[in-house]
1. Going by the conditions given, is G23 in a helix (DSSP H, G or I), surrounded by fewer than 16 Cβ atoms within 10 Å (Cβ to Cβ) and over 10 Å from the mean Cα position of the chain (by Cα)?
2. May I ask you to list pairs of residues, at least six apart or on different chains, whose Cβ atoms are under 8 Å apart, with the first in region 68-81 being free of Cβ contacts under 8 Å to residues at least 60 places away in the same chain and farther than 13 Å from G136 by Cα and the second being part of a loop (DSSP other than H, G, I, E, B) and of a type in the set (A, V, I, L, M, F, W, C)?
3. From the list A177, A146, pick out the single residue that is surrounded by 14 or more Cβ atoms within 10 Å (Cβ to Cβ) and at pLDDT below 95.
4. What is the number of the single condition among (1) out of contact with any Lys or Arg (no Cβ under 9 Å at 6 or more places or on another chain); (2) under 26 Å from W78 (Cβ atoms); (3) part of a loop (DSSP other than H, G, I, E, B) that V107 does not meet?
5. Which residue is nearest to G50 (Cα to Cα), if the candidates are limited to region 110-138 and must be out of contact with any strand residue (DSSP E or B) (no Cβ under 7 Å at 6 or more places or on another chain) and part of a loop (DSSP other than H, G, I, E, B)?
6. Any chance you could count how many residues in region 161-212 are of a type in the set (A, V, I, L, M, F, W, C) and in a strand (DSSP E or B)?
7. Suppose we filter A60, A91 for residues that are of a type in the set (A, V, I, L, M), within 25 Å of P156 (Cβ to Cβ), in contact (Cβ under 8 Å) with a residue 60 or more places away in the chain and assigned to a helix (DSSP H, G or I); which single one remains?
8. Can you find a residue in region 239-246 that is modelled with pLDDT under 95, part of a helix (DSSP H, G or I), in contact with a Ser or Thr (Cβ under 9 Å, 6 or more places away or on another chain) and surrounded by fewer than 22 Cβ atoms within 10 Å (Cβ to Cβ)?
Amino acid sequence: MRTAWVFSSGGPRGFVHIGVIKGLAALGLQPDLVVGGSVGALAGTLCAAGLDAGRIEELALSVQPWDLLRLNLRGPEWLSGAGMAELVREALGGRGLQDLPVPMACVAVRLDDREVVAFTRGDAGLAVQASTAIVGGLAPVPIRGARYADPDLHLPLPVRLARRLGATRILAVDAAAHEDRAPPEAADYREADLRKRELTLPDARLADVLLHPDTGYWAGWTSAYRVRLIAAGEAAVHAQANALRQSHAGPRRMASR
């Protein structure tokens, strides 16, 4: 594996990943491996499956939260992300992760021992559901006797995992909030923002190119918000177009924000 694209967690801010994918497609760039956690696993799996960037954007603009959720009757959480699995299976035509044109790693945490794992084979929909199962919000996903959930509290930007999978050059896309631009009324979220940044920094430093698009601070689901974040992702790519072309073509190591 030479060049990997790594997509972070980020909830609704993950719409920025769609813009990054569009921008990279416009530059004619392709990865040898895609790694994603949480919403990054969803966007990354659609990308690794070879879906046209325009089609991925259509899905991002049309999907609603209730399309992704289902009632859960097996545990304390009221909801599961089973609708997410259904969306992915339909979009991929039922293909497994091992059948995608670009190798894909969906990152999740195994709740029993807090081990971060990468799903690279099997049911793509189930892998994405496991990776997006927000701890305390959505039901964890049982797979072969273990329970899996969103890796956001452990490895939100899985660059080190991509290195362990053999990537030698990495584009990392950080969809986390810019905590240094938080408005005064966001003070209650300050601790969580700083904790997320502490988790992200070790991986961000290991990326050859790092994109941290300007998403603003507050997240949402409105159409206007999605359009704005997709545009922000595209803008971040085009602002670093030369660095991205070089990182995909040559051996030089570089970092960019």
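The values are calculated or read from the model by the stated rules, or taken from the named source; none is laboratory data. Note that the coordinates shown come from a computational prediction; the quantities given were computed from them, not determined experimentally. Every residue, glycine among them, receives a Cβ derived from its backbone with ideal geometry; neighbour counts consider all protein chains shown.
1. Values: in a helix (DSSP H, G or I): yes; surrounded by fewer than 16 Cβ atoms within 10 Å (Cβ to Cβ): no; over 10 Å from the mean Cα position of the chain (by Cα): yes.
When the stated conditions are applied, G23 does not pass them.
2. L71/W78
3. Values: A146 fails: at pLDDT below 95.
None of the others qualify; the one that does is A177.
4. Every listed condition holds for V107 apart from (3).
5. Result: T132.
6. Residues meeting the conditions: 7.
7. Sole residue among the options that is of a type in the set (A, V, I, L, M), within 25 Å of P156 (Cβ to Cβ), in contact (Cβ under 8 Å) with a residue 60 or more places away in the chain and assigned to a helix (DSSP H, G or I): A60.
8. no
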